[in-house]
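The numbers here are math on the coordinates, done by the rules we state, and not lab data. Predicted, not measured: the structure shown is a model, and the values here were computed from it. Glycine also receives a Cβ, built like all others from the backbone with ideal geometry; neighbour counts cover every protein chain displayed.
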Amino acid sequence: MENESRVAINSAADIVTARQKGRVLAVELGFDGSELTLIATAISEVARNIVDHAKRGEIFLASVHQGSKRGIAVVARDHGPGIPDVDRAMQYGYSTGKGLGVGLPGAKWLMDELDIETQVGNGTTVTMKKWLH
Ligand SMILES: Nc1ncnc2c1ncn2[C@@H]1O[C@H](COP(=O)(O)OP(=O)(O)O)[C@@H](O)[C@H]1O
Ligand SMILES: [Mg+2]
């Protein structure tokens, strides 16, 4: 498929790369000014979670189609410790680290869809989508 890319996340610098590549793809897909910032911010948060909580992983960026809807998909995948309680992790202000605990609930709010697949000891995959309107 065209309009696809992958960013390896190994350090804080890679968060910036993922954010920039996501923004470029979102522009290509037709998202506008303020939405570009929302998408880029959501990408930063899931990339930061990889660095903070799983050390390394990857971000996939792609265009998606569902019926007549078109949009951007962002998949953040790692083989870190996993999330034991996803409902809790999605609560505003909940953090097991030194963070503010607003990354995941914030990303869900900024995007149209956010799904978490995770297994303790095996890793986490966060899939987010935002649709053009
Ligand atoms: N990729 C991940 N791997 C393991 N745990 C994660 C991951 N992403 C998020 N979490 C867990 O979910 C919690 C909430 O995430 P978030 O809302 O981004 O808050 P913060 O990163 O500030 O702690 C984290 O504190 C952590 O326990
Ligand atoms: Mg976070």
Length gained, LEU132-LYS98, 0.36 nm per residue minus C-alpha separation, equals 8.8 nm
Subtracting the Cα-Cα distance of GLU28 and SER68 from 0.36 nm times their residue separation yields 12.6 nm
Full extension between ARG6 and ASN122 adds, at 0.36 nm per residue less the Cα distance, a length in nm of 39.7 nm
Expected vector for region 11-16, Karplus 3J(HN,Hα) from phi with 6.51, -1.76, 1.60 and θ = phi - 60°, integer Hz, x for Gly and Pro, equals 8, 4, 4, 5, 4, 5
Ranked by GNM mean-square fluctuation in the chain (Cα springs under 10 Å), the top entry among LEU29, LEU61, LEU104 is LEU29
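Calculate the all-directions average of the projected area of region 27-93's alpha-carbon convex hull, and give it in nm².
Working: hull surface 23.8 nm².
Average projection, Cα convex hull of region 27-93: 5.9 nm².
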Log entry: pair-distance distribution for region 85-132, C-alpha pairs binned every 5 Å from zero, whole % per bin is 5, 20, 27, 27, 16, 4, 1, 0
With Cα springs under 10 Å, the Gaussian network model of the chain assigns the largest mean-square fluctuation among VAL86, VAL51, VAL74 to VAL86
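Could you tell me which trypsin sites (Lys or Arg not before Pro) in region 79-108 are loop residues by DSSP with no more than 13 other beta carbons within 10 angstrom of their beta carbon?
On the way: sites: ARG88, LYS98, LYS108; in loops: LYS98.
Of the trypsin sites (Lys or Arg not before Pro), the ones in loops of region 79-108 whose Cβ has at most 13 other Cβ atoms within 10 Å are LYS98.
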Correct semi-axes for the chain, from √(5λ) of the alpha-carbon gyration tensor and rounded to whole Å with the largest first, are 23, 15, 14
